[in-house]
Amino acid sequence: MRAKIFVLWAAAILACDAAFAEPILVTDQYGRKTELQKPAERIVTVPIPAASMTIALDEGPSRLAGINPSAKQALKEGILSKFFPKALDLNSDIVMGEGFSPNVETLLNLNPDVVFQWGDRGSDIVKPIEAARLPVILLKYGTQEDLETWIGMFGVVLGKSERADKILAWHREERAALDKAVSAIPREKRPKILYLYRYGDGIKIGGKGSYFDYFIKMSGGVNPAEDAPSEGQINEEQLLAWDPDIILLNGFQSSLSPDDIYANKNFTGVEAVKNRHVYKMPLGGYRWDPPNQESPLMWKWLAMLAHPDTFNWNLRADIARAYSFLYSQTPTDEDIDGILRMSMNAAAANYGRFARASN
Amino acid sequence: MRRRFFLAAFVLMCMAGALSAGRYVVPFKNVCGILASLLAPIEPWWTDIQYRVVVLIRLPRVLGAALSGAALAMSGAALQSVLKNPLVSPQIIGVSSGAAFGGVLAILFFENAFATMGCAYLGGILALFLVWCLCNGARGASPLGLVLAGIVINAFFTALISLIEYVADPYNKLPAIVVWLMGSFASASWDKLRYSAPPLLTAAALLYFLRFRIGVLSLGSEEARALGIDIQRTQWLVLGLVALVASATVAMAGVVGWIGLVVPHFTRIFVGDDYKRLIPLSCLLGTLYTVLIDTLARTLIEVEIPMGILSALVGTPLFAFLTYRLMKGEEGR
């Protein structure tokens, strides 16, 4: 009897708590509204960058219930698995195979308060989650504005809006400063920067409307592929015709390194190859190429490579400062070497400025 | 014969034209000079990059497209007559998907273009072997049985390819697999050509010399036997050659569809069922067609257009028009 009364009492308390707490209303990037009774405790993120973003906003992975297998791979290759070893135990069976098709039975088992999913990849990956009556928040991929909206939304869902505002302020501040500095650089002094989204069987580039195009221009470069489709496939001859001054290699293909480009005999005449201006994109809390919480660091990294005489920040110190804010952790010198991929980029020109000794 | 000679000259001219087309501007005069310099020592008046574009990038690609187109069209023609079925192509007997499976498996486990090529050959041969087993060995395989066995094996390997695509890492592996399956000569190089050209040339030459037997087989087994031709042996010989062609093409450029099915039909509009002429003419038209499509694929816009799309967009209307004229002609008779 006593036990029963206790249960009733506890239930009543909980009910009151839920009734009086202000519900959280989230409007996602597709105008869909989701109501949460309180900040989410169990979160599943299907989009890959959303995992590390949750970790950054929440200063740890404790509220993540499931993440994309590729996000787990990025955690493993990057620094976050060192900062938060528990992140590697996170469930990553939330999608079927590789990709974004939700594995609804796993989702139901994880019993999340909210599921983040892509909204721009068709309804087939959203409908099954909705059918299971799980709250879904949809994300849109692409611009810096979209990224800023994500940060705000994650802040609301986690009940960490203040922290989100701080991250946003940092992004906007760095962006405004860089925009101002870059606008003073005449167009003819801006190098042609080509981002290779894939290299191997076929070459894919970052074209029109992509985040890659955005950060190239923002960091004071010209994107020779600005009119090509976003992730279009080109041939080697087109690369020769564009003759970029700088080539950026994506961080997705783990083993792709500048040496692969230098070894291609067909590219010997290309400016970027002649001058050893082929760089592998860094990998920190997440791969630096797509939009993510660390993006301002990437803009500065690229601006320093594009305009070595104009920009001279202490990037290593910036990274350390940003990490102690984002993850409440201090990276060691070895960590920063790994983030900047010092060994892969060892042979590259202008890269010595990121080395330890110069700081 | 004379007409065929002119056609061959025309095909060669088109290939030279293809060498001067591309996103990197190289004046035609320089292309001619560069080509001539390969045969005789000439003082160069062109830049080093122009030389590289023509010799290292365009030449292997045009040659690869030409060889594959020729060999695929010839194998299609041979296969259609040996199996007495106008609807078959190298893809239908399962060899292409077997080779594609081998290649995809290699992309998944190795990061080496030559492992991919080697596995493509193994996959193609394995597929043919399975077809042979299904047909109860070399004895008593009817053309219909062969086609059915091919369809079964094709379905099997297609399913295996889908399985691999399903489990492949979406960032490190899947894009390479998708690009490769779509079929493109974009990654053709002298190295790849070195491993693909000998089997393609050998198979094409043998198909050319076998054209009489192939023609007889298409007439029917009675006639063939009357002429003292071992039907089974010829049939399997042709199938083996087709498997070699399909694997070599897949190894170089991924799955290139359509050519083996359509070009022979296209050729038949001009020469009818005359097999002595069908195979050589298919060879020329296959070369012409593939080089043309591949040149469009790499030059029209900044990005590569997948061959399958262009092939269907350019080929279908042309083929539809010719079929329409042919049927109208038959009606009038």
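We did not get these values from a lab; they are worked out from the coordinates using the rules stated. None of these values were measured; they are calculated from a predicted model. With ideal geometry, Cβ positions are generated from the backbone for all residues, glycine too; neighbour counts draw on all protein chains shown.
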- Query: Where in segment A:218-235 does the label zone of residue A:208 land, with the point 7 angstrom along Cα→C-beta and an amide N cut-off under 16 Å?
  - Reply: A:223-234
- Protection proxy ranking, peptides A:108-118, A:207-217, B:257-267, average beta carbon neighbours within 10 Å, highest first: B:257-267, A:207-217, A:108-118
- Task: Would you work out which of A:167, A:330, B:121 lies farthest towards the positive end of the dipole of the protein assembly as shown, given +1 charges on the beta-carbon of Lys and Arg and -1 on that of Asp and Glu, about the Cα centre?
- Result: B:121
- Query: How big, on average over all directions, is the shadow cast by the Cα convex hull of segment A:52-96, in nm²?
  - Reply: 2.8
- Task: Would you grab the residues whose amide H sits under 5 Å from the one on residue A:118? Only those 5+ places off in sequence or on another chain, please, with H modelled 1.01 Å from N.
- Result: A:139
- Part-to-part distance (alpha-carbon centres) for segment B:117-133 and segment A:312-359, which is given in Å: 50
- Rounded to whole Å, √(5λ) for the Cα gyration tensor eigenvalues of segment B:1-127, largest first, gives 35, 24, 10
- Note on the structure: Dividing the helical contributions, -39500 (n - 2.57) per DSSP H run of n ≥ 4, by the residues of chain A yields a 222 nm value, nearest 500 deg cm²/dmol, of -12000 deg cm²/dmol
- Query: To the nearest 0.05, how large is the calculated FRET efficiency for residue A:347 and residue A:321 if R₀ is 30 Å and r is the Cβ-Cβ distance?
  - Reply: 0.55
- Efficiency of FRET between residue B:312 and residue A:32 - r from beta-carbon atoms, R0 41 angstrom, step 0.05: 0.60
- Summed over the other residues with a beta carbon less than 13 angstrom from that of residue B:220, with K and R at +1 and D and E at -1, the charge totals -1
- Tell me which residues come under 5 Å, amide H to amide H, from residue A:235 once H is placed; ignore anything under 5 positions away on its chain. B:304
- Between residue A:262 and residue A:162, what is the spin-label point distance in nm, taking each point 7 Å from the Cα along the Cα→C-beta axis? 5.0
- Throw me the Rg/Rh for segment B:122-181, computed over C-alpha atoms with Kirkwood Rh, two decimals. 1.15
- Query: Residue-wise, which Karplus ³J(HN,Hα) couplings in Hz belong to segment B:247-252, taking 6.51 cos²θ - 1.76 cosθ + 1.60, θ = phi - 60°, and x for glycine or proline?
  - Reply: 5, 5, 5, 4, 4, 7
- Item | Inter-centroid distance (Cα atoms) of segment A:118-184 relative to segment B:138-186, Å | 40
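Regarding segment B:65-145, what is the average projected area of its C-alpha convex hull, in nm²? Each step should come with its number before you reach the end.
On the way: hull surface 24.0 nm².
Answer in nm², one decimal: 6.0.
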- Please name which of B:174, B:307, B:215 has its Cα lying farthest along the dipole of segment B:24-325 towards the positive end, using unit charges on Cβ (Lys, Arg +1; Asp, Glu -1) and the Cα centre as origin. B:215
- Message: If you average 1/r across every pair of different Cα atoms in the protein assembly as shown and take the reciprocal, what Kirkwood value do you get, in Å?
- Response: 28.5
- Debye log10 I(q)/I(0) at q = 0.15 Å⁻¹ for chain A, Cα point scatterers: -1.34
- Per DSSP H run of at least 4 residues, take -39500 (n - 2.57); add these up for chain B, divide by its residues and hand me the 222 nm value, nearest 500 deg cm²/dmol. -25500 deg cm²/dmol
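Can you divide the C-alpha Rg of segment B:24-325 by 2.2 N^0.38 Å and report the result to two decimal places?
On the way: Rg = 19.9 Å, N = 302, 2.2 N^0.38 = 19.3 Å.
The value comes to 1.03.
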- Message: For residue A:278, what residues show an amide H to amide H distance below 5 Å, using hydrogens built from the backbone and excluding near sequence neighbours?
- Response: A:247, A:349
- Message: Using Cβ counts within 10 Å as a stand-in for footprinting exposure, how do B:209, B:110, B:319 rank, fewest first?
- Response: B:209, B:110, B:319
- Query: Going down the list B:276/B:328; A:33/A:140; A:82/A:280; A:38/A:72, which pairs span over 23 Å between their C-alpha atoms?
  - Reply: B:276/B:328; A:38/A:72
- Largest first and to the nearest Å, give the Cα extent of segment B:164-268 along each principal axis. 60, 30, 26
- Item | In Å, descending, principal axis extents of the Cα set of segment A:185-354 | 46, 33, 28
- Compute the Rg/Rh shape ratio of segment A:110-185: radius of gyration over Kirkwood radius, all on alpha-carbon atoms. 1.13
